[in-house]
Amino acid sequence: MRLPATNCRNRLVRPSSATRRPIRVDATYLQPGLRNGWLPRVAPLLRRTAYAGENDGQETTAEVLLASTSANGAGDALNSNVLLSEDVGPVTPEGGNDGGKKEELPEDYVDDNWWIPHRWRVTFMIALAFILCNMDKVNMSVAVIPMAEDLGWSATSRGIVQSAFFFGYTVTQIPAGWISTKIGGAVVLLSGVALWSFGTLIAPLAAHMGFWLLCASRALVGLGEGFAPSAATNVMASQVPGTERARAVATVFGGLDMGSAIGLLICGPLIRMYGWPCVFYLFALLGLFWCVGWPFVRPEKRDAKMWRYQQAKLAAAAKKDQNGAQNGSQNAAADVNAQSTAAEKVPWGEFFKSVPVWAIITAHFCFNWGYYTLLSWLPSFFQLALKLDVQNSSFLTVIPYIAMTLMTPLVGPAADSLVGGGMRTTNVRKIFQGMSFLGSAICMIACGILTPATTAGLTAGRVSLIVGLLSMSFAVATCARAGLYCNHQDLSPRYASALLGISNTAGALPGILGVWSVGVLLDMTGSWSTAMFYPIAATQLFGLLIYTAFASSKKQAWS
């Protein structure tokens, strides 16, 4: 039976031999490399597996026999008779203390005394990269208005310029997931930020040289930004324990929303004062400064809390094994070692046989149809349909993005609290993603009804109501950060970046099809409702049906 908590002391108690009960922990379930020089690293695990003797009331510390399985299946005792107490560390039978109170961590882990833990410093730095990511999307959404006036572009030409970004973005999604799985997301993210910053820097020169050269420069920005989601997911999977997953994902991907708000706030005034090229030069330099600072947060190092979280999972696996659940123990151990198995072959075929994976792919496509379409066309809608002056930074134009930014910090903790309270993770993901889809669809239908065919029917009250509905849509859409954006890591922490690469490929297609189709339909019909709002509502409702029916957070057999 388990040792009562009241009997755990920060000291070694030597029970009589009559009350000692050895525990056998099979080293098969320990991380690779622990069987050689295992003692300092396995001590936290073994401390958590101490059991009491026959007498429940007597303080005791179990005698541990660590066994490794040899090639012929025989167990060889390694350093047996090691006595462990709750906090003292490994103690030999003679009373020597090898560990002391200081926990020894593997070399690739850090446990510093900063007031912001290492995992969250890395997370905030990734969020900053995502802020810059969307600033470099929004700058074109705003700059395309004066550019179109200067160069005589039609609505279709505007759509082509803005969709060019997504041609590059789509191409890199699956390669980004594979490369991040192989070499780690930290290097991939750095390369991506450097590439998209360079593409942003050369955009003004390309625009003056020719229309298609500008499209090529935007595709180059897309190539760089295409690496970001999978790389970030890979880094978070190695840095952040599952108990903090929704908060970390909401923080990082919430950077996209904040980037949109900041971009809209400053692009208009900058363009009015200095001309449209300045927003490309400024945002490119900010990205290059980020590249200089990224190595200083040491993203290749992992947080000590992740190590302890992994050891707790190993302890649970060992306990299950004692109860006869050997397969479950092996699966848990495999999950713990997810980040050290990069050399393994990625099971691409198994991904596409998984119904929950297809639910994520479909949901990502439908969610991004609304997100990318509005991100690209909303400034033009404000300027052309609602007669709001984007270049003079009308406050109404940024309210939707501010609403999204303010909602983001609430979503992650709310989802994590439901999971921590015992609700099934699958149900939490479906609830939050369902709120995102259904709320957005209702708001889009209402906006389509309220948007007049001509500006003659505009009133101040109607404009305010439309902006309010858009703000509600953006705010409720952030629930997806605790829905499909967490689901990849639920299904497989090991292959989370590869899974995100697949779903984000589907998610990038609306940036081409949706953004381009709005321009074509707008030229054909002249109706913003037909061109933009109603198609968005239809895709959101379709995504709601598929994700609710088929999504799951259960770890897959191939994980």
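The values are calculated or read from the model by the stated rules, or taken from the named source; none is laboratory data. Remember, it's a predicted structure, so these values are computed and weren't measured experimentally. FYI the Cβ positions are ideal-geometry reconstructions off the backbone, even for glycines, and counts take in every protein chain you see. The area values use the complete protein model at the heavy-atom level, side chains included, leaving out ligands, DNA and RNA. Shrake-Rupley method; radii C 1.70, N 1.55, O 1.52, S 1.80 Å.
Output the residues belonging to the range 219-229 that are buried (at least 24 other Cβ atoms within 10 Å of the Cβ) and assigned to a helix (DSSP H, G or I).
Listed by number, the residues that qualify are Val221, Gly222, Gly224, Glu225, Gly226, Ala228, Pro229.
Could you name every one of the helices (runs of 4 or more DSSP H) located completely within the range 452-527 that has at least 3 residues being closer than 26 Å to Ala385 by Cα and without any contact (Cβ under 8 Å) to a residue 24 or more places away in the chain?
Ranges flagged: 460-477, 496-525.
Is it the case that Ser417 is open to solvent by 10 Å² or more (accessible area, probe 1.4 Å), more than 23 Å from Ala261 (Cβ to Cβ) and among the polar types (S, T, N, Q)?
yes
Kindly establish whether Leu406 is part of a helix (DSSP H, G or I) and aliphatic (A, V, I, L, M).
Spelling it out, Leu406 is indeed part of a helix (DSSP H, G or I) and aliphatic (A, V, I, L, M).
Let me spell it out: the conditions are (1) farther than 21 Å from Ala250 by Cβ; (2) among the charged types (D, E, K, R); (3) touching a helix residue (DSSP H, G or I) at 6+ places or on another chain (Cβ under 7 Å), and Lys430 meets all of them except one. Which number is the exception?
Failed condition: (1).
Listed residues Gly177, Gly199; which is of a type in the set (Gly, Ala, Ser) and at pLDDT 90 or above?
Gly199
Taking the range 230-252 as the search range and keeping residues that are farther than 16 Å from Arg494 by Cβ and open to solvent by 10 Å² or more (accessible area, probe 1.4 Å), which one is modelled with the highest pLDDT?
Thr251
Looking at Lys387, Lys353 in this structure, which one is touching a residue at least 12 places away in the same chain (Cβ under 8 Å), among the basic types (Lys, Arg) and open to solvent by 20 Å² or more (accessible area, probe 1.4 Å)?
Lys387
Kindly indicate whether any position in the range 546-554 is open to solvent by 40 Å² or more (accessible area, probe 1.4 Å) and not in a helix (DSSP H, G or I).
yes
Check Leu470, Leu450 and return the single one that is crowded, with 24+ Cβ neighbours inside 10 Å, more than 19 Å from the chain's Cα centre (by Cα) and not polar (S, T, N, Q).
Just a single option satisfies the conditions, and that option is Leu470.
Here is a list: Ser503, Ser497. Which entry is of a type in the set (Ser, Thr, Tyr), at pLDDT below 90 and open to solvent by less than 10 Å² (accessible area, probe 1.4 Å)?
Ser497
List, please: which pairs have Cβ atoms under 7 Å, are six or more places apart or on different chains, and start with a residue in the range 231-246 that is touching a residue at least 24 places away in the same chain (Cβ under 8 Å) and end with one that is open to solvent by 10 Å² or more (accessible area, probe 1.4 Å) and of a type in the set (Lys, Arg)?
Hits for this filter: Ser238/Arg302; Gln239/Arg119; Gln239/Arg302; Val240/Arg119; Pro241/Lys305.
Out of Trp294, Trp290, Trp276, Trp307, report the one residue that is aromatic (Phe, Trp, Tyr) and modelled with pLDDT under 90.
Exactly one of Trp294, Trp290, Trp276, Trp307 is aromatic (Phe, Trp, Tyr) and modelled with pLDDT under 90, namely Trp307.
Among the listed residues Phe474, Phe437, which satisfies the condition of being under 25 Å from Ile145 (Cβ atoms), aromatic (Phe, Trp, Tyr) and out of contact with any Lys or Arg (no Cβ under 6 Å at 6 or more places or on another chain)?
So the residue among Phe474, Phe437 that is under 25 Å from Ile145 (Cβ atoms), aromatic (Phe, Trp, Tyr) and out of contact with any Lys or Arg (no Cβ under 6 Å at 6 or more places or on another chain) is Phe474.
Of all residues being more than 16 Å from Met140 (Cβ to Cβ) and hydrophobic (A, V, I, L, M, F, W, C) in the range 266-293, which is surrounded by the most Cβ atoms within 10 Å (Cβ to Cβ)? Just the residue, please.
Among those that are more than 16 Å from Met140 (Cβ to Cβ) and hydrophobic (A, V, I, L, M, F, W, C), it is Trp290.
Across the range 114-126, what is the total count of residues that are modelled with pLDDT of 90 or more and open to solvent by 10 Å² or more (accessible area, probe 1.4 Å)?
Residues that pass the stated criteria total 2.
Take the range 162-208 and flag every residue that is over 21 Å from Asn234 (Cβ atoms) and surrounded by fewer than 22 Cβ atoms within 10 Å (Cβ to Cβ).
Residues satisfying the conditions are Phe167, Phe198, Leu201, Ile202, Pro204, Leu205, Ala206, His208.
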